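To start, the structure itself, in structure tokens.
Here, each number is a calculation from the coordinates, and none is a lab measurement. Since the structure is predicted, the reported quantities are computational estimates derived from the model, not experimental observations. Neighbour counts run over all protein chains shown; Cβ positions are idealised from the backbone, glycine included.
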Amino acid sequence: RRCSTGVLHLTSRGITKKVYFSDGRIVFAFSGDPDDRLGDLLLRDGLITLDQLEGALAQLSGGKRLGTLLVGAGHLSPDNLVRGVLNQVKGIVLALFPWEEGEYAFVEGPLPTDEVITLAMRTAEIMLQGIRQIRSFSRIRKSVGPPSTRFHLAPAWHEVLDGLDIRDGERMLLKRLDEAGPAGASVGAMCREVFLSNFEIYQALWAFLVLGIVEEVGAAEDLV
């Protein structure tokens, strides 16, 4: 939301990851987890063989990138390399959402061009997918609040929503909030009136709150 440029450093249980932001957009990510390596991902997706991967790894030196070596050897098309790196970065970021403990620091400033391959990704889409996979209701409720908490649609909600893969139930929730106007609706009322499970309503509200689609009006006494 601040449209910041810099690197978010995260560490948990010995694993370090970095997420690179440019003007508030996620453009790249790095992971120290061996399971997140590009070569392993390409192998799992059937885009290269083990012999091709081992051959490329043996040639890694002098700052050469694995993907460049695979493309140069004719083992991988440039399009498949781009898709593979995009899937790798998305996977690294999405795997962060279940983390419940660890350390983080955001270092603002120009991105290190020698480390980063700038990729065009929908940050809002990644955030939405990440929150959808969280199953801890205690985490979600802590951010959304009790049933008496009221939300209304943010002024620029249409712009944030544009192009996002919104599910039918989530659209029903947005319609309910749109009909409520500036006064908004309480979480409890939405849980009773919208055809979604109460958990899904809380989950969707948390995602919409993080993305700036909804804003809290204010919570009165919990009547539900």
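Using a 10 angstrom cutoff on alpha carbons, build the Gaussian network for the chain and name the most mobile of 27, 71, 19.
Ranking 27, 71, 19 by mean-square fluctuation puts 71 first.
How large is log10 of I(q)/I(0) for the stretch 97-193 at q = 0.18, 0.23 Å⁻¹ when the intensity is taken from the Debye formula with one equal scatterer per alpha-carbon?
With no solvent term, the Cα-only Debye profile gives -1.10, -1.40.
For the stretch 99-129 and the stretch 30-57, what is the centre-to-centre distance using only Cα atoms, to the nearest Å?
Between the Cα centre of the stretch 99-129 and that of the stretch 30-57, the gap is 22 Å.
Compute and list, largest first, the equivalent-ellipsoid semi-axes of the stretch 1-96 from the alpha carbon gyration tensor, each √(5λ) rounded to a whole angstrom.
26, 15, 12
Please compute the net charge surrounding residue 121, taking Lys and Arg as +1 and Asp and Glu as -1 over other residues with Cβ under 9 Å from its Cβ.
Residues close to residue 121 contribute a combined charge of +2.
Give the label of the value calculated from the structure for mean projected area of the Cα convex hull in nm², choosing from (i) 14.4; (ii) 16.6; (iii) 19.9.
(i)
Please give every one of the lysines within straight-line cross-link reach of residue 17, meaning a C-alpha to C-alpha distance under 27 Å, and leave out same-chain neighbours fewer than 8 residues apart.
Within the straight-line cut-off, residue 17 pairs with 64, 90, 142.
Which whole-number value in Å³ per residue fits the convex hull of the alpha carbons of the stretch 41-110?
Dividing the Cα hull volume of the stretch 41-110 by its residue count gives 151 Å³.
Counting Lys and Arg as +1 and Asp and Glu as -1, what is the net charge of the other residues whose Cβ lies under 14 Å from the Cβ of residue 40?
Residues close to residue 40 contribute a combined charge of -3.
Please work out the FRET efficiency for the pair residue 65 and residue 22, using the Cβ-Cβ distance as r and a Förster radius of 22 Å; give the result to the nearest 0.05.
FRET efficiency, residue 65 to residue 22: 0.65.
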